[in-house]
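Worksheet: the structure to be examined is printed underneath.
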Number of protein chains: 2
Amino acid sequence: MGKMAARRAIERQTGVALWRQIADRIRLAISNGDYDATGMVPPETALAAEFGVNRHTVRSALAALAEEGLVRAVQGRGTMIERKERVSYPISRRTRFSQGLARQVKEIGTKLLGHRQVPASGEVAAALGLAPGSPLVELRTVSSGDGRPLSASLSYFPSERFPKMAEHYARLGSVTKAFAAQGLDDYVRAWTEIVARHADAEELALLKLSPGAIVMEAQSVNADLDGRPVEYSRTRFAADRMKLRIET
Amino acid sequence: MGKMAARRAIERQTGVALWRQIADRIRLAISNGDYDATGMVPPETALAAEFGVNRHTVRSALAALAEEGLVRAVQGRGTMIERKERVSYPISRRTRFSQGLARQVKEIGTKLLGHRQVPASGEVAAALGLAPGSPLVELRTVSSGDGRPLSASLSYFPSERFPKMAEHYARLGSVTKAFAAQGLDDYVRAWTEIVARHADAEELALLKLSPGAIVMEAQSVNADLDGRPVEYSRTRFAADRMKLRIET
DNA sequence: TCTAATTGTCTATTGATCTAGACAAGCATA
DNA sequence: TATGCTTGTCTAGATCAATAGACAATTAGA
């Protein structure tokens, strides 16, 4: 007897279509390694029985997962798992974006979507310990691992101290290196706040998510070794591709 | 001119009903403080125009939020906001459940749902540095702030070292105090991993969430000052009531 | 008291989702 | 090659979600 047993029943009339609930469950089961023994999703008829729905409903769920590139169905054989693991993103006093990911993905891509000068809003000013309206450099970036988008960020830096942030980042592709180019050799994470919610339309597009997906939004402040804030950022992680690991 | 401007359009045919997407947006806007000026949600007709849907669809969304107790509609007046803020849960080297929450909620409730002896599964054994199958005490608890469920936990303790964990916890209502009663005066958080996903049926019931809601699941290990793990736990937070704050 | 703004209720219609059943087509293995 | 298992496709009907419009009921303010 395997671990099977009836999975918990899914909910009807909740505003979330059954096929989407089932897709979410299967996605979770895949990343939990429930199907590692065979490398395949159970047959559609078995899934239909397990969830107590019609086979067509399961097919809609699998079609959505195939669309994401998570599984691939082959007539006559079954539905194979193409990708499974979540990337672990470490958060610690010395959080550096690329470093922690380097061991888990072959190729890390960072893309600068845009940059501009903005006056600090109340919230950002407070986080950076500046007067509201102080000039900031804003960077909008998207990062990916092996071609899959993992996170989208909005970062703010004090313009007076780091006037060339955008240029350096565009050239070097790294905040750490851009800081170094402007005379800041070391910095530490002061705090991070994490919230989870449904992705909005912009995030769906940037992270190539399917509608209804979840993002984890981390707001964080980095400071130099004297404790002066040097960066405030809002990073949104694709929740089904990432986990956050906090080392304390 | 206020901040209004057309909000980003919502997505159709995604497997998530429009009324649920709108409910999620309004819930987010409330916790962001967008409606603090009036303490009221905009009129149904205004919301319908903003989201580009029929008024009845907005009404479904508001009905769901009223069901959660987040808003209350009064005929002729409008729809008032009853509750808004997210509770911030601090995670640091010295993470203690009650301490961080005490300032934000008047009354903290912890409830022991059940306890039992279980052999350690592979994953839990690895986290605690024990041999698979080692005896553990499992505690199932739910915690709430001012009457609203905030988190549900599964905690595991090595039976050999803490044989009376369940009894002490039941009496004292606190893991920290139960440790102290068994001779462990201090412990620290070794690591925490955070994932966000849709709540399953059990979590919906335990945390009194509406279907389709999001939970943040934190897996963590606490260790004594010699670095020996003393607790492994899986805590699921109601994502729309909590944010996690990491101090590094 | 009258009016405007707001929520509450009803009916009707359209489109999306889910169920049900049947059969075709491709793959693996005896 | 023959058989069984699996995915692919089609049709038809039932239920849920969303639109549309009309009007009632309540509140606040002129």
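The values are calculated or read from the model by the stated rules, or taken from the named source; none is laboratory data. These numbers come from a predicted model, not from an experiment. Note that we place each Cβ from the backbone using ideal geometry, even for glycine, and neighbour counts take in every protein chain shown. Accessible surface is based on the protein model in full, side chains and every heavy atom, while ligands, DNA and RNA are left aside. Shrake-Rupley method; radii C 1.70, N 1.55, O 1.52, S 1.80 Å.
Values computed for the structure shown
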item: Restricting region B:24-43 to residues that are open to solvent by 40 Å² or more (accessible area, probe 1.4 Å) and in a helix (DSSP H, G or I), the residue that is nearest to DNA strand C (Cβ to nearest atom); result: B:25
item: When residues of region B:49-73 are limited to those that are in a strand (DSSP E or B) and more than 8 Å from DNA strand C (Cβ to nearest atom), the one surrounded by the fewest Cβ atoms within 10 Å (Cβ to Cβ); result: B:72
item: Residue satisfying condition, being more than 7 Å from chain B (Cβ to nearest Cβ) and of a type in the set (Asp, Glu), within set A:185, A:200; result: A:185
item: Failed item in (1) more than 15 Å from DNA strand D (Cβ to nearest atom); (2) more than 14 Å from chain B (Cβ to nearest Cβ); (3) surrounded by fewer than 18 Cβ atoms within 10 Å (Cβ to Cβ), with residue A:46 passing the rest; result: (1)
item: Counted residues, region B:139-152 - those being polar (S, T, N, Q) and open to solvent by 20 Å² or more (accessible area, probe 1.4 Å); result: 1
item: Only listed residue being among the hydrophobic types (A, V, I, L, M, F, W, C) and away from chain A (no Cβ under 14 Å), chosen from B:190, B:180, B:205, B:223; result: B:180
item: Hits in region A:196-218 - residues which are assigned to a strand (DSSP E or B) and open to solvent by 40 Å² or more (accessible area, probe 1.4 Å); result: A:198
item: Matching entry among A:218, A:196 (being farther than 24 Å from residue A:128 by Cβ and of a type in the set (A, V, I, L, M, F, W, C)); result: A:196
item: Qualifying residue in region B:31-49 (condition: under 29 Å from residue A:23 (Cα atoms) and modelled with pLDDT of 85 or more); result: no
item: Search result, residues across region B:127-151 that are small (Gly, Ala, Ser) and closer than 14 Å to residue B:220 by Cβ; result: B:127, B:151
item: Selection status of residue A:96, touching a residue at least 60 places away in the same chain (Cβ under 8 Å) and either within 14 Å of chain B (Cβ to nearest Cβ) or surrounded by fewer than 19 Cβ atoms within 10 Å (Cβ to Cβ) (or both); result: yes
item: Residue count, region B:180-195 (criterion: over 22 Å from the mean Cα position of the chain (by Cα) and either buried (at least 19 other Cβ atoms within 10 Å of the Cβ) or charged (D, E, K, R) (or both)); result: 3
item: Selected residue (criterion: farthest from residue B:239 (Cα to Cα)) from residues of region B:61-70 that are modelled with pLDDT under 90 and touching a helix residue (DSSP H, G or I) at 6+ places or on another chain (Cβ under 9 Å); result: B:63
item: Of all residues in region B:155-179 being of a type in the set (Gly, Ala, Ser) and surrounded by 15 or more Cβ atoms within 10 Å (Cβ to Cβ), the one that is nearest to residue B:222 (Cα to Cα); result: B:155
item: Test: residue A:76 is out of contact with any helix residue (DSSP H, G or I) (no Cβ under 9 Å at 6 or more places or on another chain) and open to solvent by less than 70 Å² (accessible area, probe 1.4 Å); result: no
item: Some residue of region A:76-85 being over 16 Å from residue A:147 (Cα atoms) and more than 12 Å from DNA strand D (Cβ to nearest atom); result: no
item: The listed residue being under 19 Å from residue A:162 (Cβ atoms), open to solvent by 20 Å² or more (accessible area, probe 1.4 Å) and not assigned by TED's automatic domain parsing to the domain that holds residue A:29, out of A:128, A:112, A:136; result: A:112
item: Extreme residue, farthest from residue A:209 (Cα to Cα), among residues of region A:74-88 that are in a strand (DSSP E or B) and at pLDDT below 90; result: A:88
